[in-house]
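The values are calculated or read from the model by the stated rules, or taken from the named source; none is laboratory data. Treat the numbers as computed from the prediction; the structure is a model and nothing was measured. No Cβ is skipped: glycine too gets one built from the backbone with ideal geometry, and neighbour counts run over all protein chains shown.
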Amino acid sequence: DAMVIQNPRYQVTQFGKPVTLSCSQTLNHNVMYWYQQKSSQAPKLLFHYYDKDFNNEADTPDNFQSRRPNTSFCFLDIRSPGLGDAAMYLCATSRENGGDDTQYFGPGTRLTVL
Amino acid sequence: SQKIEQNSEALNIQEGKTATLTCNYTNYSPAYLQWYRQDPGRGPVFLLLIRENEKEKRKERLKVTFDTTLKQSLFHITASQPADSATYLCALENTDKLIFGTGTRLQVFP
């Protein structure tokens, strides 16, 4: 089945130790998104790629970076995780860039920072 | 300031009844509004999309309304079942991106 896959499902890291989360998709969608979701809060968009074009949200900290080496894969790098970065990280895809396009989410990666 | 409000308190209803969830927004003018379901520890799953020129949209037991004058969308689940228990998120289109609400947790008990 076509889907959005995130690895790992659970990630534990130490304060300040870089971590990379990965997302892959078999939908061949143009757009890939990274959201951060803390407990009982709304998913917050960090950035998205339309094909190779990177779009950063204005309030996304510099500590968060992303790479999209090809259509299928997208990575979220957290350079120096702080305790406040503990959250669920959701990857999503959509065919096109627009509010009328459905977003398909992966299962998420739960990040714990010790 | 821009705001999306969904009832933060859980909605508890009995099986078979109709659940109605509310999404209110201020200082947005979305052309589209979407509803997603999110189960604990999982990613959101798309349910319905409604356009600003549509008053109502239905899909099986689900119904969404969109009132751009009131700046409100209502999400209804008829003949609710315990399997409908989840958090339901509304999401507004804003400059080609989706802005999500915090969601309302629905608990359907037998």
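Residues in the range A:26-38 that are crowded, with 16+ Cβ neighbours inside 10 Å, over 16 Å from A:Ser72 (Cβ atoms) and within 11 Å of chain B (Cβ to nearest Cβ): A:Tyr35, A:Gln37. Picking from residues in the range A:78-94 that are buried (at least 18 other Cβ atoms within 10 Å of the Cβ) and polar (S, T, N, Q), the one that is farthest from the chain's Cα centre (by Cα) is A:Ser94.
A quick yes/no check of all residues on (1) in a strand (DSSP E or B); (2) surrounded by fewer than 17 Cβ atoms within 10 Å (Cβ to Cβ); (3) small (Gly, Ala, Ser):
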site	(1), (2), (3)
A:Ser24	yes, no, yes
A:Ser40	no, yes, yes
A:Asn55	yes, yes, no
A:Glu96	no, yes, no
A:Asp101	no, no, no
A:Thr112	yes, yes, no
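For (1) over 27 Å from A:Cys91 (Cα atoms); (2) at pLDDT 95 or above, each residue gets a yes or a no:
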position	(1), (2)
B:Lys17	yes, yes
B:Ser29	no, no
B:Phe46	no, yes
B:Glu60	yes, yes
B:His76	yes, yes
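With more than 13 Å from chain B (Cβ to nearest Cβ), part of a loop (DSSP other than H, G, I, E, B), of a type outside the set (A, V, I, L, M) and touching a residue at least 24 places away in the same chain (Cβ under 8 Å) as the only criterion, which of A:Ser66, A:Ser80 stands out?
Working: A:Ser66 fails: part of a loop (DSSP other than H, G, I, E, B).
It is A:Ser80.
Taken over the range A:42-53, the residue count meeting the criterion of being free of Cβ contacts under 8 Å to residues at least 24 places away in the same chain, more than 9 Å from chain B (Cβ to nearest Cβ), in a strand (DSSP E or B) and more than 11 Å from A:Ser66 (Cα to Cα) is 1.
Restricting the range A:1-22 to residues that are assigned to a strand (DSSP E or B) and out of contact with any Ser or Thr (no Cβ under 8 Å at 6 or more places or on another chain) leaves a set whose member that is surrounded by the fewest Cβ atoms within 10 Å (Cβ to Cβ) is A:Thr20.
May I ask you to verify whether B:Asp67 is within 25 Å of A:Ser39 (Cβ to Cβ) and of a type in the set (Asp, Glu)?
On the way: within 25 Å of A:Ser39 (Cβ to Cβ): no; of a type in the set (Asp, Glu): yes.
Criteria not met by B:Asp67.
Grab the strands (runs of 3 or more DSSP E) fully contained in chain B, keeping just those with 1 or more residues being within 12 Å of another protein chain (Cβ to nearest Cβ).
Working: elements: B:3-6, B:11-14, B:19-26, B:32-38, B:45-51, B:56-59, B:62-67, B:72-77, B:86-94, B:97-100, B:104-109.
Qualifying strands (runs of 3 or more DSSP E): B:3-6, B:19-26, B:32-38, B:45-51, B:86-94, B:97-100, B:104-109.
Scan the range B:48-68 and tell me whether some residue there is without any contact (Cβ under 8 Å) to a residue 60 or more places away in the chain, surrounded by fewer than 17 Cβ atoms within 10 Å (Cβ to Cβ) and within 16 Å of B:Thr102 (Cα to Cα). Scanning the range B:48-68 turns up no residue that is without any contact (Cβ under 8 Å) to a residue 60 or more places away in the chain, surrounded by fewer than 17 Cβ atoms within 10 Å (Cβ to Cβ) and within 16 Å of B:Thr102 (Cα to Cα).
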